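These notes concern the structure reproduced below.
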Amino acid sequence: MLTKEMNDLLQSAQIYGWVMEPFAKQLFVLAGMNVPQFTWAHNLGEAISFVRRTGYPVVMKIVSPQVVHKSDVGGVVVGITDDTGLANAYNSMSKISGFSGVIVEEMVKGIEMIIGANNDEQFGPVILLGFGGTATEIYRDISLAMAPLCEADVDKMIRGLKAFTLLEGFRGSERANIEALKMLVIRFSELVIDLGETMESIDLNPVMCSAERCVIADARIMVRKSAHSS
């Protein structure tokens, strides 16, 4: 069940039709899902203060109600390693339309996964799991299942991926924390059910899975027109 705090975060979507990333990540935290350490910096000083606490390298992303696809407008800079790079990225993003600050977050490493959901008119909420990142549309290595999901459902989805062996540690590479991935998908499924008709689609891409944890590095929640047109 959605809490009052969750519902308050979703109110941001009533105007724009989608939930800006800082609100989306706060929503995921409240749902018991892992996200990188991050701050929503409204000026360069706040960005620097965050880095002083967490250290480099970091990622910076634009926050703007007018920008759904951040990469298309130069709104993502990864691998920032010093104050000069931080300032340059901030100054560049401050010129983007609708600028409302930036997300600054720790860089996370691991195997790139994608987790998503759509509200199908016939079947209801459908969960997608696959290998993510920039190659998602090329390889199309995905599993689909109807929510809600139990642990057995998620285990079947994971093992049904053609590249499943990558998660097990292919040719000596680090094994991903498959149990953490399972828990993330289960909690995501629970959130999707709680969101109900409010949700049109959710994309978590990439989700970075390492030996220690699985972390939602980027996310987008779109809401149904009927949920924000009144």
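The values are calculated or read from the model by the stated rules, or taken from the named source; none is laboratory data. Just so you know, these numbers come straight off a predicted model, no measurement behind them. Cβ sites come from the backbone with ideal geometry, for glycine too, and all protein chains shown count toward neighbours. Remember, those area values only see protein heavy atoms, side chains included, never the ligands or the DNA or RNA. Shrake-Rupley method; radii C 1.70, N 1.55, O 1.52, S 1.80 Å.
Worth a mention:
- Under the combined filter of DSSP loop state and at most 13 neighbouring Cβ atoms within 10 Å, region 73-153 retains these chymotrypsin sites (Phe, Trp or Tyr not before Pro): Phe123.
- Gyration tensor over alpha-carbon atoms, region 1-84, equivalent ellipsoid semi-axes in Å: 25, 17, 11
- Mean projection area, nm², convex hull over Cα of region 118-212: 6.3 nm²
- Counting lysine pairs in the chain that sit 8 or more residues apart in sequence, or on different chains, and whose Cα atoms lie under 23 Å apart gives 17.
- Accessible area of region 169-229 belonging to carbon and sulfur atoms, whole % at 1.4 Å probe: 45 percent
- For Cys150, the solvent-accessible surface with a 1.4 Å probe is about 60 Å², rounded to the nearest 10.
- Among the protein heavy atoms, those of Phe23 account for about 50 Å² of accessible surface (1.4 Å probe, every chain in place).
- Reducing region 158-210 and region 13-32 to their Cα centroids gives an inter-centroid distance of 19 Å.
- Scanning residues 5 or more positions from Met146 or on other chains, those with amide H under 5 Å from its amide H are Ile127, with H placed 1.01 Å from N in the peptide plane.
- For region 2-15, 3J(HN,Hα) computed residue by residue from phi via the Karplus equation (6.51, -1.76, 1.60; θ = phi - 60°) reads 6, 7, 4, 5, 5, 4, 4, 5, 6, 4, 4, 7, 5, 8 Hz, glycine and proline entered as x.
- Shown here is the pair-distance distribution of the chain: with all Cα-Cα distances grouped in 5 Å bins from zero up to the longest one, the shares run 1, 7, 14, 18, 19, 17, 13, 8, 4, 1, 0 percent.
- Pairwise Cα distances in region 83-155 exceed 18 Å for 62 percent of all pairs.
- Isotropic mean projected area of the C-alpha convex hull, region 31-167 (nm²): 10.3 nm²
- Annotation for Arg175 and Asp72: the two label points, set 7 Å from Cα along the Cα-Cβ direction, are 4.2 nm apart.
- Here the accessible area is traced with a 1.4 Å probe on the protein chains. For region 78-168, carbon and sulfur cover 53 percent of it.
- Within-11-Å neighbourhood charge of Asn119 [Cβ basis; K, R +1; D, E -1]: -3
- In units of the compact-protein estimate 2.2 N^0.38 Å, region 44-121 shows a Cα radius of gyration of 1.23.
- A 1.4 Å probe, protein heavy atoms only, puts the accessible area of Thr198 near 50 Å².
- Solvent exposure of the chain, expressed per residue, is 50 Å² of accessible area, with all protein chains present and a 1.4 angstrom probe.
- Summarising the amide proton neighbourhood of Cys214: residues at separation of 5 or more, or on other chains, whose placed amide H is nearer than 5 Å comprise an empty set.
- The accessible-area ordering, largest first, of the residues Glu190, Glu106, Glu46 stands as Glu190, Glu46, Glu106, per a 1.4 angstrom probe.
- Length released on extending from Thr54 to Ser94, taking residue separation times 0.36 nm less the Cα-Cα span: 12.1 nm
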